[in-house]
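Heads up, the thing below is written out as structure tokens.
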Amino acid sequence: MKTTRESMRRWVVMAVLSFSGGIIFLLPFLQEVYYIPLSEALSLNNTQVGSLMSAFGVTAMLSYAPGGWLADRVSPRKLLTSSLLLTGLMGLYFATFPSYTISLAIHGVWGVTVTLLFWGAMIRVTRNWAPSSDQGKAFGILEAGRGFGEVLTSMALLAIFGVLGSNAFALSTVIIVTSVLILVLGVLAWMTIEDDSGGDIDTRSQPKVGASEILSVLRMPTVWLIAIIILAGYCAYWGTFRITSYSTDIFALTVTMAGVISVGKMWTKPIAALIAGFVSDKLGIANSVAFLFVVLIASFSLFALLPGTPALLPVMIVNVAVVSLAVFAMRGIYFALLEEGGIPMAVTGTAAGVISVIGYTPDIFMPLLGGMLIDSFPGAEGYRYFFFSVAGICVMGLAATLILSKRVASNAAAN
């Protein structure tokens, strides 16, 4: 009976963790689906809309390292709950469509609440959730759960948006509903996630992470390789954000139809992450990531070269599915490289924080890069430059993955 209760508790923790991890990002990443309605509601141009995410990216980057350190020292229950509650409250304010300056500030606050308080704690709890041989599975399940939470919520929100007229009022309602849901998840996190979900952080036997441990993490070549891999993979993720405006600007789809494509690609997230989690434990995490980079390089190059003619719309949609599967499969497993790369469990949060400082810098430069290219080179030319840029960054990620794979193989042979 005790074993059954413990098993149920583990799955409840993963359910709350994964759904929270998917839905909390809907507010700062609102432009992924509602790019044009958001720009119209706030009266912003492409560069200004991009700068909102850049504000989020700057504060997030500054928060990753201290957030990882906090995750190794503070109860994940407190970190996750406070993150969700603060993020939801700021969302309610953003629903009033404040000025551009205040909107920038809100996105900056979200960078702190989502990153300093939530991200490192989520990574640590997930790694502690499964044994070392099932790390791909654990992170795959996390990403799949995040995907299900995100896509189911996004579908409901898009339906609300359409029914209410696809206007500013409809978008405000979408933001309010999302914020309330995040607040509810904050309460559930407090009720279900316990302190020992993070690896007995509060026990005396748990080593504390100090300056020497942080320095040891910074000296690990594996940490820097994983950081480059995640940076490239995250740039690819940002590349998918432009699919919504790409569909309307190049293929002349309506805003609602472009939103349907954006929500549709979200359905690939749980499927891709779950399959990747199980398969990568068999084939090797690094080997799987390398294959996915090859797919991404080819897919983004195709976007860059594809003419926006109606006859090629099916090709574009298929390519959306392919690139989405590859991106979400990679996101589902790349933090499992912590285990394959030999990062000690005691410094999981710290390592994840250091890696994330570099790996998630695309939050700063990718939205600006896309906005500036499209504003400077209107039409297909701007999108061509953008998608080729993403493909080039993926080449860098592939190179880092191959180097890491050789290091893993060398360490395995030595042992």
Within the stretch 299-311, how many residues are part of a helix (DSSP H, G or I) and closer than 19 Å to Gly382 by Cα?
7
Does Gly353 meet the test of being touching a residue at least 24 places away in the same chain (Cβ under 8 Å), in contact with a Phe, Trp or Tyr (Cβ under 7 Å, 6 or more places away or on another chain) and more than 15 Å from Ile230 (Cα to Cα)?
no
Please find, within the stretch 212-252, the residue that is surrounded by the most Cβ atoms within 10 Å (Cβ to Cβ) out of those that are outside any helix (DSSP H, G or I) and touching a residue at least 24 places away in the same chain (Cβ under 8 Å).
Arg242
Give just the number: which of (1) surrounded by fewer than 20 Cβ atoms within 10 Å (Cβ to Cβ); (2) closer than 12 Å to Ile364 by Cα; (3) hydrophobic (A, V, I, L, M, F, W, C) does Ile36 not satisfy?
(2)
Determine which member of the set Ser39, Ser54 is of a type in the set (Gly, Ala, Ser) and in contact (Cβ under 8 Å) with a residue 40 or more places away in the chain.
Ser54
Examine the stretch 354-368 for a residue that is assigned to a helix (DSSP H, G or I), among the acidic types (Asp, Glu) and over 15 Å from the mean Cα position of the chain (by Cα), and state whether such a residue exists.
no
Counted residues, the stretch 155-168 - those being among the small types (Gly, Ala, Ser) and more than 16 Å from Ile36 (Cα to Cα):
2
Do the conditions hold for Arg384, that is, is it part of a helix (DSSP H, G or I), among the basic types (Lys, Arg), surrounded by fewer than 20 Cβ atoms within 10 Å (Cβ to Cβ) and modelled with pLDDT of 90 or more?
yes
Name the residue that is nearest to Val217 (Cα to Cα), counting only residues in the stretch 69-101 that are small (Gly, Ala, Ser) and touching a helix residue (DSSP H, G or I) at 6+ places or on another chain (Cβ under 7 Å).
Ala71
Has the stretch 104-119 got at least one residue that is out of contact with any Phe, Trp or Tyr (no Cβ under 9 Å at 6 or more places or on another chain), among the hydroxyl-bearing types (Ser, Thr, Tyr) and either modelled with pLDDT of 90 or more or crowded, with 24+ Cβ neighbours inside 10 Å (or both)?
yes
Which one of these does Ser54 not meet: (1) modelled with pLDDT under 85; (2) closer than 27 Å to Val187 by Cα; (3) among the small types (Gly, Ala, Ser)?
(2)
Mind counting the residues in the stretch 329-359 that are closer than 30 Å to Leu104 by Cβ and either in contact with a strand residue (DSSP E or B) (Cβ under 9 Å, 6 or more places away or on another chain) or surrounded by fewer than 22 Cβ atoms within 10 Å (Cβ to Cβ) (or both)?
2
Taking the residues in the stretch 181-205 that are farther than 22 Å from Ala138 by Cβ and out of contact with any helix residue (DSSP H, G or I) (no Cβ under 7 Å at 6 or more places or on another chain) as candidates, determine which candidate is modelled with the lowest pLDDT.
Arg204
Which one is surrounded by the most Cβ atoms within 10 Å (Cβ to Cβ), of the residues in the stretch 129-157 that are over 20 Å from the mean Cα position of the chain (by Cα) and assigned to a helix (DSSP H, G or I)?
Asp134
What number of residues in the stretch 256-311 are crowded, with 20+ Cβ neighbours inside 10 Å, at pLDDT below 85, more than 17 Å from the chain's Cα centre (by Cα) and of a type outside the set (Gly, Ala, Ser)?
2
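The values are calculated or read from the model by the stated rules, or taken from the named source; none is laboratory data. These numbers were taken from a predicted model, which means no experiment stands behind them. Glycine also receives a Cβ, built like all others from the backbone with ideal geometry; neighbour counts cover every protein chain displayed.
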